[in-house]
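These notes concern the structure reproduced below.
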Amino acid sequence: MPGLIAPSDYSREPPRHPSLQINSKEPFNAEPPRSALIGSYVTPVDLFYKRNHGPIPLVEDLEKYSISIQGLVDCQKQIFMKDVWKLPKYSVTATLQCAGNRRTAMSKVQKVRGVGWDVSAIGNAVWAGAKLADVLELVGIPKLTASTKTGGKHVEFVSIDKCKEENGGPYKASIPLTQASNPEADVLLAYEMNGETLNRDHGYPIRVVVPGVIGARSVKWLDSINVIAEECQGFFMQKDYKMFPPSVNWDNINWATRRPQMDFPVQSVICSLEDVNVVKPGKITVRGYAASGGGRGIERVDISIDGGKNWVEASRFQKSGIPYISDHPSSDKWAWVLFEASVDISNSTDIIAKAVDSAANVQPEKVEDIWNLRGILNTSWHRVQVDCRARTQAQILQVQASDPGSEI
Ligand SMILES: Nc1nc2c(c(=O)[nH]1)N[C@H]1C(S)=C(S)[C@@H](COP(=O)(O)O)O[C@H]1N2
Ligand SMILES: [Mo]
């Protein structure tokens, strides 16, 4: 494409926030500290996880940048930024989660392949741009179309970037045409993130945002849209991001037996505590996030401090001043909820979180039961260990010495 520089090396990457934990430098994969996720309902752009399969492209001339829409359509078209800007602009608050979120914990059961992620390969942003359903109308595809006259049933997104999994070709993925042409599915060609121009790390100038679906389908740095008969045959649809049973290993894997993962399952994570924490006996506040896929809301988040025998319900919230009700028009249907609960700790234990979505799907207890060789979709109960220590006699004397009136 004229006017584009797609660097084949990593020498021109953008600057990043120093607090990101870097899981891989080239390609750049990084996540924020877990505490950053509960700092705000909308994740700041610089603290939003970055997940890449190749060098970050650099689009230098926005006027020359265009997206070709082609394949099984009546009239092929090349659209420029000005054409996208002309379409009605929608803002959608949507959580993006990498299917590999929490992979490191799954790897502890038995080694899995993939970038090691703690619990922060997830973020919630306000994406703004044109609806894909409106863009498809420009090439003669009406809203809510299952198949075009020439048999197009899937919409493939092809990027500018180059990755080794595609043998130097671009990253790509597809979604069904029914979803792509459904305005209610809120699939966006986004040019803004949190009210600012989308930055290079997140897909400048345009990325796809497919709400409720694993992050892998939200293709960044969009180059072309192909309307095709079968789903995309690219590596990341056919040879990756599929969920296999625990019995499948690298010797007996048959990729064709499973469908590409789309919706993400119900998830929750405690973010106010690290894996192991030293706490004093008494009340502590447990905070974190919960999210489900497919537009399902979060019906409940339960917290246990006795291995799952007893549970207390956490409070859930999205926007301040608006009570959260799952699947209610006042809630952001594609977005996570933050939760908070107070628990009384008197001895060393695990604190556990588990969420229930609006279809009554519940997180599985054990990671062993959902272990899979690619290490995707670890949604097992999230546990953090608290090492509960009363103050030592020496610490008590020290406090009394500095403040003789204090009660301990
Ligand atoms: N072009 C392109 N799009 C891509 C990827 C990529 O490597 N190249 N990674 C995908 C994956 S696996 C995820 S989880 C999300 C991450 O988006 P983010 O970096 O904006 O958080 O982008 C998706 N879109
Ligand atoms: Mo991902």
Task: Positive minus negative residues near Glu299 (Lys, Arg vs Asp, Glu; Cβ under 14 Å) - done: +1
Open item on the list: Which of Glu137, Glu31 has the fewest other C-beta atoms within 10 Å, and how do the rest follow up to the most?
Closed with: Glu137, Glu31
TODO: For helix 393-402, report the angle its Cα long axis makes with the longest principal axis of the Cα atoms of the chain; keep it between 0 and 90° and round to the nearest 10°.
DONE: 90 degrees
Task: Net +/- balance of residues flanking Leu188 in space, Cβ distance below 11 Å, scoring K and R +1, D and E -1 - done: 0
Open item on the list: Please give me, ordered by residue number, the trypsin sites (Lys or Arg not before Pro) of the range 1-110 that lie in loop per DSSP and have at most 13 other Cβ atoms within 10 Å.
Closed with: Arg12, Lys25, Lys64, Lys108
Task: Per-pair calculated FRET efficiency, R0 = 30 Å: Lys319 and Phe80 via Cβ, rounded to 0.05 - done: 0.30
Task: Estimated [θ] at 222 nm from DSSP helical runs (n ≥ 4, -39500 (n - 2.57)) normalised by residues in the chain, nearest 500 - done: -2000 deg cm²/dmol
Task: Net +/- balance of residues flanking Gly212 in space, Cβ distance below 12 Å, scoring K and R +1, D and E -1 - done: -2
Open item on the list: Using Cβ contacts closer than 10 Å as the measure, can you line up Leu222, Leu96, Leu58 from fewest to most?
Closed with: Leu58, Leu222, Leu96
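What ranking do Asp327, Asp186 get, fewest neighbouring Cβ atoms within 10 angstrom at the top?
Going from sparsest to densest Cβ surroundings: Asp327, Asp186.
None of the figures in this text is laboratory data; all of them are computed from the coordinates on show. As the structure is a prediction and not an experimental result, all values here were calculated from the model. Using ideal geometry, Cβ is built from the backbone for each residue, glycine included, and neighbour counts are taken over all protein chains shown.
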